[in-house]
Protein chains: 2
Amino acid sequence: MSLNRLLSENDHPDMAEERRKATFDTDEMAAVIWGSKKYMMRRREITKKVEEHPELHDPYSQAFMTREEGVENAARKATTMIRMLDELGVDPLQFEDVFHLTNEVIGIAGHPLALHAVMFIPTLQAQCSDEQQHWIDLAYNRRIIGTYAQTEMGHGTNLKKLETTATYDPKTQEFVLHSPTRTSMKWWPGNLGKSSNHAVVVANLVINGENYGPHNFIVQLRDLETHQPMKGITVGDIGPKLAYNDTDNGFLSFDHYRIPRLNMLMKHARVAPDGSYTRPPHAKVGYSAMVYVRTHMITHQAMFAAYALTTAVRYSAVRRQGEIKPGCGEVKILDYQTQQHRLLPQLARAYAFMFTGRAVKSVHARVDKDVAKGKVDEMAELHYILSGLKAVVTHLTGEAIEQARMSCGGHGYSKASNIFEIYGVAIGGCTYEGENMVMLQQLAKYLMRAANAAQSGEGLSSLVHYLVKPHEKHSLIDKEPNNDYSAHLLAFEWAARRQVMKAYERLLSLTSRGLSGEEAWNENAVELNRAARLHTRLYIAQKFYDSVHTVVDAGCRAVLEDLLHLHLNYELIDMAYYLLEDGYLSSQQLDHMKEDMYRLLVKLRPNAVSLVDSWDYSDRELRSVLGRKDGHVYEHLYKWAQDSQLNRTQVLPSFEKYLKPMMKEARGQSKL
Amino acid sequence: MSLNRLLSENDHPDMAEERRKATFDTDEMAAVIWGSKKYMMRRREITKKVEEHPELHDPYSQAFMTREEGVENAARKATTMIRMLDELGVDPLQFEDVFHLTNEVIGIAGHPLALHAVMFIPTLQAQCSDEQQHWIDLAYNRRIIGTYAQTEMGHGTNLKKLETTATYDPKTQEFVLHSPTRTSMKWWPGNLGKSSNHAVVVANLVINGENYGPHNFIVQLRDLETHQPMKGITVGDIGPKLAYNDTDNGFLSFDHYRIPRLNMLMKHARVAPDGSYTRPPHAKVGYSAMVYVRTHMITHQAMFAAYALTTAVRYSAVRRQGEIKPGCGEVKILDYQTQQHRLLPQLARAYAFMFTGRAVKSVHARVDKDVAKGKVDEMAELHYILSGLKAVVTHLTGEAIEQARMSCGGHGYSKASNIFEIYGVAIGGCTYEGENMVMLQQLAKYLMRAANAAQSGEGLSSLVHYLVKPHEKHSLIDKEPNNDYSAHLLAFEWAARRQVMKAYERLLSLTSRGLSGEEAWNENAVELNRAARLHTRLYIAQKFYDSVHTVVDAGCRAVLEDLLHLHLNYELIDMAYYLLEDGYLSSQQLDHMKEDMYRLLVKLRPNAVSLVDSWDYSDRELRSVLGRKDGHVYEHLYKWAQDSQLNRTQVLPSFEKYLKPMMKEARGQSKL
């Protein structure tokens, strides 16, 4: 029996051949990837349930739907799925189960209740006072549909400059919500355009002409029966985007729209009937929600990369093109070194990001408890780390997905591959939840404080202890790779330390030349971002390294070590500049790392399909003709295309309207 | 008066401020970019004509069209445009004029007659024998619509393995076209699916059981009156893609479909009525058509990059977010060093690619004449160079476009920016006309032959003369930049030479260890690709350098020198690894290059808008709300969104069907 548990008699022979070569148990690896055998099994149960219920399926490929059809299909599936939770045996409070169910049923383009679940309810739970608890019931039982409206057309990153106002009128004990400018229009919030009848709206609280800054208000947007917008509210869809097109991201503006005083969320700050304002009892820890979301982003990005790579690696195992040995027949494209070099280091990153995501989740769980006790230092630190991780992981994931797509050649370019839709969703992560350049600058702030502490001999957190660690130029990266790659980690540390300290010194030098701190910061921003990236890549390498060494199953650990070692070589070669600069590594050592990388590509090649199979994605979740588990790509490509919108009629209306008259006219002119 | 000729009283004040800072005449620069003042003026005349004819406009944004609507709109515009050529004063034989007209009217998503013009007619012109000239007339007068069908589902890159057969039947003097397998189906040809009634089909010629390899046949696919497929023909659309969705890329298969003997294109090879085969009189030069297409790809890619950068730079001049000096107000995001570093080096690449494209076009024009005289050496060399250029330019253009998009933050993610559509079209260039990895290997073959010649002391073409040029480690890149950047070019040469020779030596070493030539090549493929990339980047830098130094207008030359110097620094820093490896550059020299780069970002900043304005794109051609010439982004973003598909009704059908019942049910359950 094959160690690859997906091997099936229906497999395309080329795919079966791959699966028979597995050197590790793919079920064991799936348990490693998904964190436990229990959750791995749970995912499979849910997948099976969904498979059994056609009412949860797409009637035809989402690729052929108009935007309206997609939105309606998503609404149908989301409401059906919710109604069936009991029947499906899914507890709505089990976040991970609901997450997998949603991935299977909905896919990645969104649905009308997404923000209701992930933003509206959590905000109410966190910010409703005792007398406001009924909102939570209304929302939780879906008697209303809500979202969270913060970003405006003119301001996303700089929240201090949001323009929407909520002016208190003590006479009527109401807030008057108003959008004073075009740029003050709320713009982007998911499900705001057409689905929601309520929203938590972020607006500047104004009392007696004084601005108390952004506060949260619960606002009814649409009539519960007719769904028409309330008077004083302008609301609609902001139009199509790169992806998420089953989601109605919306705009919203207020024309002196009045809401009761008690619609301000008052758990922390309060406004009394007479307009007197009470500050939150203690400075609120603003990091926690952001940190939570970004923590989850890391594993989601890993999943996106693995989606694309599952498709690309499987397709590369059944696509044959060209010969290596003349006369020996066309080879699988996965046999080309260029294809291996395109895909396997990216696959290593997907694993690295998954392990890193898991690691930060557990840090988060721990420090969240500390925050409850008033200890916020580690949460702040986690915030900085995650800012860097968010930026680096989303950027590299985008690269991984596009490499995966292009490695599929022409067919990758078809929506049948579904890889570009994944790219559209994943690459959004570079922009939302904090634009990546801004995120790197956040981490850089932390690193500059650490560099300053390192210079002054102060104590440093373990995260940045490498800044003061004595480093020797090392000679451990040598020609015959043994299984000890700890010297590689030291090289990551060296590169990060050098760049952090160089950026710090440049900052000092710019201010010493008379620039203000802020100007110097801006003129040093690119170097600071480089420092933040190197620090983050070190962090990822460490987490990958540590995680692999805790894996118990010997077969899994062995192949994960290969992946880890590939990762370490590949990343260091990519950042070699920083290592060569001052002779930390010699040209010869780099050449050895390259040779080691090429050796590992060959070594990993036979396990490639099994390493993507281990992510355990169902064909439904993957939604890719090229990524089919059984490898029968070509007949299904043809089957898929037959459903194309343009094939619904043999002759398109444009033939009679435009092309035929053109040809007729031409025949007339030339007297044929 | 401003040197920026676009300055207008309608400009957003932030945009006007930028335009007033121009240090060069944008009309002069437009003439440099478009090759001559005459063509620059011609473009503007055409733009104006199109503006005056509403029947050539889109009724509403293409972003809101379904695929069917898009295809029909494109057919309407294409046929109208053709009918109006006289009235528009455009000569159909003036390729550049038609090209610009098409960019204005159609945009980048394609139209039903595109392949007819760029592939069908040229193929007939090149390959029809004297007795076949009537096909050219039919096609040229658009009495038939045709395309070119080569790629099959199972084979793109490896043309030798195409499976479609054309078997000669001497009894009836017909060829029998047949698709023996699923993978033999023609797949991908543009306009094959629904528009064309004819195609030039590539099939293996079989006579008396002997396969003579691929030949071209003209085949009627659909009835001229009813447009129904002919009996024995299966044809249709292959479904949506990343981009080009107004194009009906198609599939086609044959079930023993018979065509007359004279439907084989017989200018070169011939089949006589009795089935006797005549080889082409002289070995055909297969490079020329490929070279021609790839030559044009380079300038098109430059244009795509400049589309995206025009939008991004303009938007960055009106978007304000965050402060640099506290209390001094929000700054234009273009004032951030990170934003400048994201955009300006990419803008330099757009210029570099435009100049490179122009240079290879003129080489092509020259060597094409030589080919006519039987001199094919330089054409072969041009083929290799263009293989590398195609790969490097498409890859870097994709990077440029995505950086441009992300630099626009959230609004860049909306289809209102139109940048992602440009990305989809441009990035296709990495795959079509030869997959990039394969292209790099083509150039590597040439470089390995050159390396071998260099080793053996043979004479070398000027293209690779740097392989034997004596190089000294140079100290010209020093702290105070004068205006002589020739030392930078030497560094490009050094990097390319080192990697070419290293890859060559590794190839020898692999074969000396017992691998066959082909196996060694595959195990060395990644290093060979690195060599091909470095060679190509040197080539681009040289062309940019040479072109800038021929610009006559002093204002233009000065700012182009800044762009060139930015390019040289940026690219060398990006490839620093190869320069540091053996100490060719010191860490200090690299630091100086960085400082010089940062200096140039600041220096170029005031000209940034004028440098994109100089590409002279009309708002119609750009199709971007964010890239509007006048900078009035926000009100038009709102105006654009109001046309969104989902805003056609205030309440979507899915509310009554799904969301309302869900809320009702919930209210019932909880007895509210």
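A Cβ distance below 8 Å, combined with a sequence gap of six or more or placement on separate chains, defines the contacts here; from the stretch B:231-254, residues that are more than 13 Å from A:PHE64 (Cα to Cα) reach residues that are acidic (Asp, Glu) in the pairs B:GLY232/B:ASP255; B:ILE233/B:ASP255; B:THR234/B:ASP255; B:ALA243/B:GLU421; B:ASP248/B:ASP237; B:ASN249/B:ASP237; B:GLY250/B:ASP237; B:PHE251/B:ASP237. The set of residues in the stretch A:515-538 being more than 14 Å from chain B (Cβ to nearest Cβ) and open to solvent by 20 Å² or more (accessible area, probe 1.4 Å) consists of A:ARG537 alone. Residues in the stretch A:630-672 that are within 8 Å of chain B (Cβ to nearest Cβ), under 30 Å from A:ARG19 (Cα atoms) and of a type in the set (A, V, I, L, M, F, W, C): A:LEU637, A:TRP640, A:ALA641.
Please identify the pairs in which a residue from the stretch A:578-601 that is more than 10 Å from every other protein chain (Cβ to nearest Cβ) has its Cβ atom under 9 Å from the Cβ atom of a residue that is open to solvent by 40 Å² or more (accessible area, probe 1.4 Å) and among the polar types (S, T, N, Q), counting only partners at least 6 apart or on another chain. Filtered contacts from the stretch A:578-601: A:GLN589/A:SER475. Among residues of the stretch B:75-94 that are modelled with pLDDT under 95, those with a beta-carbon under 6 Å from a residue that is open to solvent by 10 Å² or more (accessible area, probe 1.4 Å) at least six positions away or on a different chain give the pairs B:PRO92/B:LEU85. Here is a check on your reading of the model: is B:GLU87 among the acidic types (Asp, Glu) and closer than 28 Å to B:ALA317 by Cα? Considered against the rule, which asks whether it is among the acidic types (Asp, Glu) and closer than 28 Å to B:ALA317 by Cα, B:GLU87 comes out as no. Of the strands (runs of 3 or more DSSP E) contained entirely in the stretch B:136-225, not one carries at least 2 residues that are within 8 Å of chain A (Cβ to nearest Cβ) and crowded, with 21+ Cβ neighbours inside 10 Å.
Restricted to the stretch A:46-63, and to residues there that are open to solvent by less than 40 Å² (accessible area, probe 1.4 Å) and under 25 Å from the mean Cα position of the chain (by Cα), the residue that is farthest from B:MET662 (Cα to Cα) is A:ALA63.
The C-beta contact set for the stretch B:6-27 (first residue within 11 Å of B:PRO606 (Cα to Cα), second residue of a type in the set (Ser, Thr, Tyr) and in a loop (DSSP other than H, G, I, E, B), distance under 7 angstrom, 6+ apart or interchain) comprises B:ARG19/B:SER2; B:ARG20/B:SER2; B:ALA22/B:SER2.
Among all residues of the stretch B:544-556, there is at least one that is farther than 17 Å from B:LEU389 by Cβ, of a type in the set (Gly, Ala, Ser), in contact (Cβ under 8 Å) with a residue 60 or more places away in the chain and away from chain A (no Cβ under 14 Å). Being hydrophobic (A, V, I, L, M, F, W, C) and either over 30 Å from the mean Cα position of the chain (by Cα) or farther than 25 Å from B:PHE304 by Cα (or both) is the filter here, so list the residues in the stretch B:3-33 that pass it. Residues satisfying the conditions are B:LEU3, B:LEU7, B:ALA16.
Residues that are in a strand (DSSP E or B) and either over 30 Å from A:ALA426 (Cβ atoms) or modelled with pLDDT under 95 (or both) within the stretch A:251-269 comprise A:SER253, A:PHE254, A:TYR257, A:ARG258, A:ILE259, A:PRO260, A:MET264, listed in sequence order. Taken over the stretch B:539-559, the residue count meeting the criterion of being in a helix (DSSP H, G or I) and either open to solvent by 10 Å² or more (accessible area, probe 1.4 Å) or under 25 Å from A:GLN337 (Cβ atoms) (or both) is 10. When B:GLY627 is tested against (1) surrounded by fewer than 24 Cβ atoms within 10 Å (Cβ to Cβ); (2) more than 13 Å from every other protein chain (Cβ to nearest Cβ); (3) within 24 Å of B:SER414 (Cα to Cα), just one condition goes unmet, and that condition is (1). Here is the figure for the stretch B:332-346: residues that are aliphatic (A, V, I, L, M) and closer than 18 Å to A:MET153 by Cβ total 1. So B:LEU343 fits all but one of (1) of a type in the set (A, V, I, L, M); (2) open to solvent by 20 Å² or more (accessible area, probe 1.4 Å); (3) closer than 28 Å to B:VAL612 by Cα; what number is the exception? All conditions are met except number (2).
Residue pairs whose Cβ atoms lie under 9 Å apart, separated by 6 or more positions or on different chains, with the first residue in the stretch B:612-626 and within 26 Å of B:VAL559 (Cα to Cα) and the second among the aromatic types (Phe, Trp, Tyr) and at pLDDT 95 or above, are B:SER614/B:PHE24; B:TRP615/B:TRP34; B:TRP615/B:TYR307; B:ASP616/B:TRP34; B:TYR617/B:TYR307; B:GLU621/B:TYR307; B:LEU622/B:TYR307; B:LEU626/B:TYR315.
Is it true that A:LEU659 is crowded, with 22+ Cβ neighbours inside 10 Å and free of Cβ contacts under 8 Å to residues at least 24 places away in the same chain? Criteria met by A:LEU659. For the stretch B:389-423, the set of residues classified as within 8 Å of another protein chain (Cβ to nearest Cβ) and not in a helix (DSSP H, G or I) consists of B:SER414 only.
For the stretch B:162-182, the condition holds for at least one residue, the condition being that it is over 16 Å from B:LEU221 (Cβ atoms) and under 27 Å from the mean Cα position of the chain (by Cα).
Would you call B:ASN436 within 14 Å of another protein chain (Cβ to nearest Cβ), farther than 18 Å from B:LEU622 by Cβ and touching a residue at least 40 places away in the same chain (Cβ under 8 Å)? It would help to see each step written out before you state the result.
Details: within 14 Å of another protein chain (Cβ to nearest Cβ): yes; farther than 18 Å from B:LEU622 by Cβ: yes; touching a residue at least 40 places away in the same chain (Cβ under 8 Å): yes.
Yes; evaluated as a whole, the condition is true for this residue.
Remark: A:GLY110 falls outside the filter, which requires a residue to be in contact (Cβ under 8 Å) with a residue 24 or more places away in the chain, within 14 Å of chain B (Cβ to nearest Cβ) and open to solvent by less than 10 Å² (accessible area, probe 1.4 Å). The listed residues are B:GLY412, B:GLY428, B:GLY398, B:GLY424, and the only one of them that is under 23 Å from B:LEU242 (Cβ atoms) and in contact with a Lys or Arg (Cβ under 7 Å, 6 or more places away or on another chain) turns out to be B:GLY412. If you go through the stretch B:319-336 and keep only what is open to solvent by 10 Å² or more (accessible area, probe 1.4 Å) and part of a helix (DSSP H, G or I), you end up with B:ILE333, B:ASP335.
Residues in the stretch A:424-433 that are more than 8 Å from chain B (Cβ to nearest Cβ) and surrounded by fewer than 24 Cβ atoms within 10 Å (Cβ to Cβ): A:VAL425, A:GLY429, A:GLU433. The one condition from (1) open to solvent by 10 Å² or more (accessible area, probe 1.4 Å); (2) part of a loop (DSSP other than H, G, I, E, B); (3) of a type outside the set (A, V, I, L, M, F, W, C) that A:ASP248 does not meet is (1).
The values are calculated or read from the model by the stated rules, or taken from the named source; none is laboratory data. Computed from a predicted model, the values in this text were never measured in an experiment. Please note: Cβ atoms are built from the backbone with ideal geometry, for glycine as well, and neighbour counts cover all protein chains shown. Note: accessible area is taken over every heavy atom of the protein model, side chains too, but ligands, DNA and RNA are not part of it. Shrake-Rupley method; radii C 1.70, N 1.55, O 1.52, S 1.80 Å.
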